[in-house]
1. Roughly how many whole Å is it from the C-alpha centroid of the range B:78-102 to that of the range A:94-114?
2. Search the structure for amide H atoms under 5 Å from the amide H of A:K89, placed 1.01 Å from N in the peptide plane, and list their residues when 5 or more places away or on another chain.
3. Counting only Cβ atoms, what residue of chain A lies nearest to the axis that sends chain A onto chain B, and how many whole Å off?
4. Suppose only helical runs count, i.e. DSSP H with n ≥ 4. What mean residue ellipticity at 222 nm does that imply for chain A under -39500 (n - 2.57) per run, divided by all residues and rounded to the nearest 500 deg cm²/dmol?
5. At a probe radius of 1.4 Å, what is the per-residue accessible area of A:T62, in Å² to the nearest 10?
6. Residue by residue, what Karplus-based ³J(HN,Hα) values in Hz, rounded to whole numbers, does the range A:49-59 have, using 6.51, -1.76 and 1.60 with θ = phi - 60° and x for Gly and Pro?
7. Could you rank the peptides B:15-22, B:85-92 by their average count of other C-beta atoms within 10 Å per residue, with the highest value first?
8. What ³J(HN,Hα) values, in whole Hz, does the Karplus curve 6.51 cos²θ - 1.76 cosθ + 1.60 give for the range B:115-132 when θ = phi - 60°, with x put for Gly and Pro?
Number of protein chains: 2
Amino acid sequence: MTVFKGAETLAVGDSLSWDDVLAELPFNADGLLPAIAQQHDSGEVLMLAWMNRTALLETLATGRVCYWSRSRKGLWRKGESSGHLQFLKELRLDCDGDTLLLLVDQQGPACHTFRRSCFYLALRGENVVMLSAPQSPD
Amino acid sequence: MTVFKGAETLAVGDSLSWDDVLAELPFNADGLLPAIAQQHDSGEVLMLAWMNRTALLETLATGRVCYWSRSRKGLWRKGESSGHLQFLKELRLDCDGDTLLLLVDQQGPACHTFRRSCFYLALRGENVVMLSAPQSPD
């Protein structure tokens, strides 16, 4: 039985060891897990990116979110060049451990377009509508 | 230039054609995109699953969320057996179109464990803590 299957029967407040969970995280064939970043207080979903084990452990060690860039094939320390840092408030895992939910405090825009969230396009009828404007530089 | 790159410069309220967007959705090598389900009013992130083109189009046609089950290799009409349907309120796309955000109205629990959200495990110090209890059957 996996650690995640075993966790299903825990009562609220019960816990298991992070080491045991980490050992069984089901990274995909590329060694990655999808990570959703959600602003911790507003609930806004900001972005989805990917983490490998190294990025995850660095994020936990520093408190600043670090992803794995699939296009650049390297660690992506969010905000390193833009200054738009993402601070981790809490890491959550889903029922089978194959998706991470990062509750974060996002400094400025999360998106490379300077919009607060990357999810700025909405389908309305037959059209895809722009929802938000880029934020002004600091 | 992709439709998504072109969309970056749209003003709020401007739109483009869904047909043009759909034609350029960057499904991965398995023909899938990750889809985040978020309760539309509370902002709670409920789950992450995957959609292929067929699942996405069925979801839009019916208003009930349909995923692609990677384990069962088939369409997964959310709630078909459990009755815990997910109704689509709005489809959003991220800046490069490779992640979907589904604003939904979830009937009952989203998780197979009968918890409201699949993200019921939180890392606190060296432990992973259970956050929520299964909901009672209807």
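The values are calculated or read from the model by the stated rules, or taken from the named source; none is laboratory data. The shown structure was predicted, so the numbers you read here are calculated from the model rather than taken from an experiment. Backbone-built Cβ (ideal geometry, glycine too); neighbour counts: all protein chains shown. Areas reflect the complete protein model, heavy atoms only, side chains present, ligands, DNA and RNA absent. Shrake-Rupley method; radii C 1.70, N 1.55, O 1.52, S 1.80 Å.
1. Using only Cα atoms, the two centres lie 18 Å from each other.
2. A:L103, A:V104, A:D105
3. A:G43, 1
4. Values: 3 runs with 21 residues, N = 138.
Taking each H run of at least 4 residues, the total per residue is -4000 deg cm²/dmol.
5. A:T62 has an accessible surface of roughly 60 Å² with all protein chains in place.
6. Coupling constants for the range A:49-59: 9, 10, 10, 9, 4, 5, 4, 4, 5, 5, 4 Hz.
7. B:85-92, B:15-22
8. Rounded to whole hertz, the list is 7, 4, 10, 6, 8, 9, 10, 10, 7, 10, x, 9, 10, 10, 10, 6, 9, 9.
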